[in-house]
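Single-structure report; data block below.
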Amino acid sequence: MLSNMLRTHYTNQISPQEIGEGEQIKVAGWVYEVRDLGGICFVVVRDREGKAQVTLVKKKTDSELFDFSRKLIREAVISVTGTVKPSDKAPNGFEIIPSEINLLNNADSPLPMDTTGKVEAELDTRLDARYIDLRKPKTNAIFRIRHEVLRSVRDFLTCNGFIETTTPKVVATATEGGTSLFPITYFMTEAFLNQSPQLFKQILMSSGMDNVFEIGPIFRAEEHDTRRHLNEATSIDIESSFSDHYDVMQILEDMLSQVYLNVKQNCESQLDVLDLDLEVPKTPFLKLKYEEAINIVNSESDEELEWGEDLGTIAENLVGQDVFERTGQSHYFIIDWPTEIKPFYAMGYEDNAEISKSFDLMHRRMELASGAQRVHEYDILKNRIEAKGLNPDNFDFYLDAFRYGMPPHSGWGVGCERLLMTMTEVDNIRDVVLFPRDRRRLSP
């Protein structure tokens, strides 16, 4: 039970069996609907947990209260004081008989969009008026699931010995080089919005913290305009000392399975709203070598991929469909990527440096995560930076940590939005971000 002055219960906390006869309750929310039938008026109030029907009978209700209720505007904010009465005809099996209805704030009309979901709005309209869009049950359900995903990630990693950290988002140099950075003015010098916590979480391995994780924003100045790319996203990252790439792959697949299980158990009403029957991924995930993935693409496609080429969207879909048809599983790893197409910090195999101890976690729709065992020896790492055409002097703050006892370590980063996108089966990544940032959208 709540103790707020204007509300004692959310709508999903109301039960005629648990609330005594004649006991006063208060609910508060938005006017979802007003149905005036002459001698009887129904006001449906909606809060974040659902809806409740407020019933006013003209012959039994104060005339001033009855007339006031009939004139309420959709999406006006109200609080209702009354008693609960069982009713088979009312939603959720009860109705509220009001003794008082207070208008807390009115709403302009017409609304920017329909909040009932009966009339669909274009994505741009929804994002421009996100505060209204979030009142729709389907939109709201996605972000309740997002909350559970992030809570589950934190709980899982904490219970497995990881320490949560936060690393800088304003940096002096690129994580991986390249031009996909947003430059900013930092007092009298140029700086950038960080594209990954990678370098800092590796530095922390030198500190003896051993296992760290971070959930935070990353920024990529790439001019994508697709359904799966954003310029600001949320990344879930770990780094683990004395671990190889197989160790952190197991952490990743176990975490993902636990997250799905928690969402299935704790977000039942949200999954019902989205009409989703969530299937918990079975572990261990299939580990497909890069070479095998290339062979699948070349056997199924007219366009032949060569060794050292990255997998595009079409190739990913072909491999994902092949794995799904053979195993019935949507999640799998592609491992042993060519070293040349992975970042400088990815370690090559001792007996074949052209192949790296790296992996991508795939969903049959798209890539979700990437990771690797890292180079932990100073001289090799410096040479790798130079081989990528980068200046080691720009990485002094990072390289210094490798000179004084850096243990072997591995890690990965998961795109939170892509995980949610595949979990909730939405078609556009912007649907799982409260206020998305892409090349065309900077407001709200």
Fill in the blank from the handout: In nm, the gap between the two label points placed 7 Å beyond Cα toward Cβ at Glu386 and Lys169 is 3.7 nm
Problem - Burial ordering of Trp337, Trp30, Trp307, fewest other beta-carbon atoms within 10 Å first - result: Trp307, Trp30, Trp337
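Fewest to most neighbouring Cβ within 10 Å: what's the order for Met347, Met188, Met406? Working shown, then result.
Working: Met347 25, Met188 5, Met406 20.
Fewest-to-most Cβ neighbours within 10 Å comes out as Met188, Met406, Met347.
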Practice task
Provide the FRET efficiency to the nearest 0.05 for the Glu23-Thr125 pair, computing r from the beta carbons and using R0 = 41 Å.
Solution key: 0.45
Completion exercise
Rounded to whole angstrom, the alpha-carbon centroid of the stretch 201-268 lies from that of the stretch 5-35 at a distance of 40 Å
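Could you give the length gained on full extension between Ser330 and Thr158, defined as 0.36 nm per residue of separation minus the Cα-Cα distance, in nm? Don't skip to the answer; put the middle values down first.
Details: separation 172, 0.36 × 172 = 61.92 nm, distance 2.65 nm.
Separation in residues times 0.36 nm, less the Cα-Cα distance, equals 59.3 nm.
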Practice task
Using the number of other C-beta atoms within 10 angstrom as an exposure proxy, rank Ser207, Ser410 with the fewest first.
Solution key: Ser207, Ser410
Problem - Computed label-point distance, nm, for sites Asp247 and Tyr186 using a 7 Å Cα→Cβ extension - result: 3.1 nm
Handout entry: Projected label distance in nm at Asp275 and Leu442, using a 7 Å step from Cα toward the beta-carbon
Key = 3.9 nm
Problem - As computed over the stretch 378-427, the Cα convex hull volume per residue (Å³) - result: 133 Å³
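Give the percent of DSSP beta bridges with both residues in the stretch 246-361 that are antiparallel, rounded to the nearest 5.
Values: 6 of 10 bridges.
Counting only bridges with both partners in the stretch 246-361, antiparallel ones make up about 60 percent.
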Problem - Charge tally in the Cβ shell below 14 Å around Pro444, where Lys, Arg are +1 and Asp, Glu are -1, Pro444 excluded - result: +1
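Multiply the residue gap between Asp310 and Lys138 by 0.36 nm, knock off their C-alpha separation, and tell me the result in nm, one decimal place. Please list the in-between numbers first.
On the way: separation 172, 0.36 × 172 = 61.92 nm, distance 3.57 nm.
Gain on extension, Asp310 to Lys138, equals 58.4 nm.
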Exercise for the section: Divide, for the stretch 140-280, the radius of gyration over alpha carbons by 2.2 N^0.38 Å, where N is the residue count. Expected result: 1.21
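Taking the Cα centre of the chain as origin and charging only Cβ (+1 Lys, Arg; -1 Asp, Glu), how large is the dipole, in debye to the nearest 20?
I would put it at about 2320 debye.
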Handout entry: the chain: mean projected area of Cα convex hull, nm²
Key = 26.6 nm²
Problem - Gain on full stretching of the segment that runs from Ala107 to Ser87 - 0.36 nm per residue minus C-alpha separation - result: 4.2 nm
Fill in the blank from the handout: Short to long, in 10 Å steps from zero, the percent of alpha-carbon pairs of the stretch 41-114 per bin is 18, 52, 27, 3
Problem - Bridge type composition, the chain - antiparallel percent by DSSP, nearest 5 - result: 90 percent
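Just so you know, all these numbers are worked out from the coordinates, no wet-lab data involved. It should be emphasised that the depicted structure is a prediction, and the values quoted were computed from it without experimental measurement. Positions of Cβ are backbone-derived with ideal geometry, glycine not excepted, and every protein chain shown enters the neighbour counts.
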